[in-house]
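Written out below as structure tokens is the structure these notes cover.
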Amino acid sequence: MISRQTITHPFNRGDYVVGAPTPPRWAADCPPGAGEASLQTAVVEVPDTVVAELRAVAAAVHTDRDEVILRTRDWWAGTSIGETDGNPATPDAVIVEASDEEQVAAVVRVCRAHGIPLTVSAGRSNVLGAALPVFGGVVLDVCRLNQIISFDAESMIVEVQAGMFGDLFEKELQEVHGATTGHWPSAFAISTVGGWAACRGAGQLSTRYGKIEDMVVGLDVVLPDGSTASYGTYPRAAVGPDLRQLFIGSEGTLGVITRLRLRTHRLPSYATGLAYGFDTFAAGLDACREILQRGATPAVLRLYDAHESGTHFGEPGTNLLLIADEGDPALVDAAMAVAEEVCGERASVTLDGDALLARWLDERMIVGKSGDGFAKGPGFVADTCEIAGPWSSLPAIYDEVVAAIEAVPGTLRASAHQSHAYTDGACLYFSLRGDVERPRRREWYRAAWDAANEVLIRHGAAISHHHGVGLLRSPYVERSLGSGFGTWVAIKQALDPTGIMNPGKLGLPDRFKAGTADQG
Ligand SMILES: Cc1cc2nc3c(=O)[nH]c(=O)nc-3n(C[C@H](O)[C@H](O)[C@H](O)COP(=O)(O)OP(=O)(O)OC[C@H]3O[C@@H](n4cnc5c(N)ncnc54)[C@H](O)[C@@H]3O)c2cc1C
């Protein structure tokens, strides 16, 4: 029901490009700037002879500066800050489009042979600068790898190429095969299946269906040496560590994902919803914990703090919890009965679940809501920061992150909702907005992120739950991983000894010019 609605509801109100990257909102009024690069230093130029080699093996190659600017823009706030001042993020690169796995491998081999940085690019919907070629080189666009290859109806496994956009993928999966992945990131129509895996993403119904790492049965990867490896065709294994998980979340630093095998589910036709209000955010979190720990996994379990209850639902006086489930009626009704019992004991008010679910269903894929309710002056910046921690720490993390961001001069407001829940903890999705003198936007932005991450690292929380790291969170990775960081560096060195794959990202040391790229 909720999954079906995702492809039948007109979420595309003329603002998504179908089957190709959708430019970020601000780009509509922002032609390519002629100023200096804002996020690129120590550029590795691609010699004409190498461009010729690339033309010989790939579907298309683009070198025009304006085209490079337009084809590298992403949805990161840090990119928009420079671009909207006429300083393009990464104007110096060569864009290479590949249309099949052999072309991907050939492009990787050319880059490897010449020591040229290679950054994979798909929907460019990431909010971290993850696909920006901060050291120039080659940007490998994989959006032409866009077909469903096969569907195993008995095992309910779909095999799909990595560059297929989410809306087209699910439409075919639902209409032709009667199945769904249940993976509904808010940006599902402007992102690709490979991008979901590369960033370790989460959909809105993850409490029922899991995150993308729970859905991947197998994947094919072109490794940094240009060879191809295939990982996994089975539900579980005990043949050493799970190598599939190495590439899920690797953000293009370990190879190019070309194909994925995903588990799918029967399309549900039954769904129901409930909504409650709580006096405090902590009381709402406690209800979520109890629902999960009693064994219920309602697909939607979203708790909004008082600010977001007001801006998203017109209920400012409470902390609103929206609960909904879809699937076999026997299971859905049982899960909802548990939720009703738990909230009946803890909530201060019962709200109109049907009406609030209908409102959420109508608006859930509309992008850019974190800035809702604020006058957007020339120095306005809005962003989101999703994290995960155990239930025992979440109320303190919520209070302290909000306080830390709001203590940064120029902050208008920080707020949060709980969006993905587990038996042991949950994801808190913070929104931060600032309004400062225009030249101070980047300074405010980094100070707000630094302040939030100090709290997260002190509490041992995951500094990202599903957006990933990219350029934005790179400065925090070493402290966040602590004694495990050395393992991560060793894996990178083993798989990519020449360091060509997406340098400057995921907190890894890079050989091009360590630490010089402005990290937004
Ligand atoms: C408004 C909005 C809402 C969002 N909501 C959600 C949400 O609900 N849940 C969620 O998880 N995310 C969300 N995102 C973030 C974003 O959509 C995801 O991270 C998405 O998975 C990125 O996919 P993409 O195809 O756009 O990848 P890109 O942005 O093109 O790339 C992202 C990173 O993955 C790498 N990469 C991409 N494809 C491959 C590949 N085939 N092989 C190797 N590396 C690759 C790139 O090099 C880069 O490092 C949202 C973004 C926006 C703008």
Exercise. Collect residues whose amide H, placed 1.01 Å from N in the peptide plane, falls under 5 Å from the amide H of residue 373; neighbours closer than 5 in sequence don't count.
Key: none
Self-check item: With Cα atoms, 0 to 90° folded angle of helix 353-363 axis to the chain main axis
Solution: 20 degrees
Quiz item: Once amide H atoms are built 1.01 Å from N in the peptide plane, which residues 5 or more positions from residue 179, or in another chain, come under 5 Å H to H?
Solution: 174
Quiz item: In whole angstrom, how long is each semi-axis of the equivalent ellipsoid of the chain, when you take the square root of 5 times every eigenvalue of its Cα gyration tensor and sort them from largest down?
Solution: 36, 28, 21
Self-check item: Cut-off 14 Å (backbone N to label point 7 Å along Cα→Cβ of residue 266), residues of the range 321-355
Solution: 327-332
Quiz item: Can you give the calculated 222 nm mean residue ellipticity of the chain, where each DSSP H run of n ≥ 4 adds -39,500 (n - 2.57) and the sum is split over every residue, rounded to the nearest 500 deg cm²/dmol?
Solution: -10000 deg cm²/dmol
Practice problem: Provide the three semi-axes, in whole Å and in decreasing order, of the ellipsoid equivalent to the range 414-504 as defined by the square roots of 5 times the Cα gyration tensor eigenvalues. | Solution: 26, 20, 12
Quiz item: What is the range 74-131's relative contact order, in percent, from Cα pairs under 8 angstrom and six or more apart in sequence?
Solution: 60 percent
Quiz prompt | Percentage relative contact order, the range 30-182, counting C-alpha pairs under 8 Å, at least six apart | solution = 25 percent
Self-check item: Average Cα contact separation per residue, the chain, under 8 Å, 6 or more apart, as relative contact order %
Solution: 15 percent
Quiz item: Given +1 on the Cβ of Lys and Arg, -1 on the Cβ of Asp and Glu, and no further charges, what dipole in debye does the range 271-366 carry about its Cα centre, rounded to the nearest 20?
Solution: 200 debye
Quiz prompt | Under Karplus coefficients 6.51, -1.76 and 1.60, residue-wise ³J(HN,Hα) of the range 184-191 in Hz, glycine/proline x | solution = 10, x, 4, 9, 4, 7, 10, 10
Quiz prompt | Share of pairwise Cα separations in the range 221-335, more than 17 Å, in percent | solution = 70 percent
Quiz prompt | Under-5 Å amide H pairs with residue 416, H placed in peptide plane, nonlocal only | solution = 305, 308, 431
Practice problem: Could you size up the charge dipole of the range 370-487 around its Cα centre, putting +1 on the beta carbon of Lys and Arg and -1 on that of Asp and Glu, and report it in debye to the nearest 20? | Solution: 360 debye
Practice problem: For residue 102 and residue 18, compute 0.36 nm times the residue count separating them, minus their Cα-Cα distance, and round to one decimal in nm. | Solution: 27.7 nm
Exercise. Would you mind classifying the range 271-366 by shape? Square roots of the alpha carbon gyration tensor eigenvalues, ordered a ≥ b ≥ c; an a/c under 1.5 is rounded, otherwise it is prolate if a/b is larger than b/c and oblate if not.
Key: oblate
Practice problem: Starting from the Cα gyration tensor of the range 1-92, take the square roots of the eigenvalues, sort them a ≥ b ≥ c, and report rounded, prolate or oblate (rounded when a/c is under 1.5, otherwise prolate if a/b is larger than b/c, else oblate). | Solution: oblate
Self-check item: the range 54-124, dipole about Cα centre (Lys/Arg Cβ +1, Asp/Glu Cβ -1), debye to the nearest 20
Solution: 200 debye
Quiz prompt | Where the Cα pairs of the range 32-141 fall when distances are cut into 10 Å bins, in % | solution = 16, 49, 28, 6
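Read-outs: derived from the displayed coordinates by stated rules, not from any lab. Please read all numbers here as calculations on a predicted model, not as lab measurements. With ideal geometry, Cβ positions are generated from the backbone for all residues, glycine too; neighbour counts draw on all protein chains shown.
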